[in-house]
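Read the structure below first, then the notes.
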Amino acid sequence: MSKLSVGIVGLPNVGKSTLFNALTKKGVPAENYPFCTIDPSVGIVPVPDERLTKLSEMSKSKKTIPAVVEFVDIAGLVKGAAEGEGLGNKFLSHIREVDAIIEVVRIFEDKDIIHVHEKVDPLFDIEIINLELEKAGIKKPTLYVLNMSEAAENLDFNVPGPYVKIDPIFGTGLDQLITESYKLLNLITFLTTGEDESRAWTTKRGATAPEAGKSIHTDFQDKFIRAQVVAYEDLINNGSMVKAREKGLVRTEGKEYVVKDGDVIEFLI
């Protein structure tokens, strides 16, 4: 599957880089994910998923590999970026390469951190960012990230879309942000499990079994015969693939089957 990434945008001094650094502290080594670039502005971040942990314990897997989201720290945005102001051109070339956007907006007051427009006004910030994106002809899905501080006063306002509140200093809300970013990309997770490894794989919502199989290997799409599928809950509740099979909970599905989030799949080629 081609990689999918989320660009982090925001005005100067809103906590964009602090957020990026907090996310990448949770990161995983790029070598596990051969499609990923090794670039200081790219963070490969695991998607929190307790189902994977439980499957790994059930199968006594030697390795556990999570699904990931790629976050890109986009060059700082300033008013006029679409016309090439500041790092405008670099900003635009990077933003066009991502599949979704999270807009970091500061909502806390702090006299020691100067705001680029001298006052904290989240709606005004959002308008500036959205205007620059619009002028550049960029329309991808957007999630607003309200950067709050547990040690300061935070502003309340009507957010014009889906949002998550975070405090990157304390790590509050980061897992929710990763999960929401995954949903923003319209992705679901299917799982494979065994003694060697339990792994969460990523595919687009609505993908058929062969399309999902491509995430593992192109052969699983090109030479697909059928897939053995069991729902995560059914497998965990029965404690093993053998018991789930005995109860008739493992289904044989063909090329037309649409994969569901949480399916545990074995592909046959």
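A few notes on this one:
- Under a Gaussian network description of the chain, with springs only between Cα atoms under 10 Å, the residue in Ser17, Ser93, Ser149 that fluctuates furthest is Ser93.
- With protein chains left intact and a 1.4 Å probe, residues in the chain average 50 Å² of accessible area per residue.
- Net charge in the neighbourhood of Asp196 (other residues with Cβ under 11 Å of its Cβ; Lys, Arg +1, Asp, Glu -1) is +2.
- Acute angle (nearest 10 degrees) that the helix 50-59 long axis makes with the longest principal axis of the chain, alpha-carbon atoms: 30
- Taking every protein chain into account, the 1.4 Å probe leaves Lys243 with about 110 Å² of accessible area, to the nearest ten.
- Entry note, segment 153-269: relative contact order of 27 percent, from Cα contacts under 8 Å with a spacing of 6+ residues.
- Whole-number percent relative contact order across the chain, with pairs defined as alpha carbons under 8 Å at least 6 apart: 20
- When the surface is traced with a 1.4 Å probe over the full set of protein chains, Met58 keeps roughly 50 Å² accessible.
- Top of Arg106, Arg96, Arg199 by mean-square fluctuation, Gaussian network on the chain, Cα under 10 Å: Arg96
- Rounded tilt (10° steps) of 16-25 against the dominant C-alpha axis of the chain: 30
- Helical contribution to [θ] at 222 nm, DSSP H n ≥ 4, -39,500 (n - 2.57), averaged over the chain, rounded to 500: -7500 deg cm²/dmol
- Segment 88-186: C-alpha gyration tensor shape, a/c 1.5 cut-off, then a/b vs b/c: oblate
- Between the helical axis of 122-135 and the longest alpha-carbon principal axis of the chain there is an angle of about 70 degrees.
- Gyration tensor (alpha-carbon) shape descriptor, segment 168-255, a/c threshold 1.5: oblate
- In Å², nearest 10: area of Glu127 left accessible to a 1.4 Å probe: 120
- From the Kirkwood radius over Cα pairs of the chain, Stokes-Einstein at 37 °C and 0.692 mPa s returns a whole-number translational diffusion coefficient of 163 µm²/s.
- In terms of its alpha-carbon gyration tensor, segment 142-210 comes out oblate; a/c meets the 1.5 threshold, while b/c is at least as large as a/b.
- Per-atom-type breakdown for the chain gives carbon and sulfur 50% of the accessible area (1.4 Å probe, protein chains only).
- Extension gain, Glu134-Ala151: 0.36 nm per intervening residue step, less the Cα-Cα distance, totals 2.7 nm.
The values are calculated or read from the model by the stated rules, or taken from the named source; none is laboratory data. This is a predicted model, so every value here is computed, not measured. Positions of Cβ are generated from backbone atoms using ideal geometry, with glycine treated the same way; all protein chains shown enter the neighbour counts. Heads up: the accessible areas ignore ligands, DNA and RNA and are worked out on the full protein's heavy atoms, side chains in. Shrake-Rupley method; radii C 1.70, N 1.55, O 1.52, S 1.80 Å.
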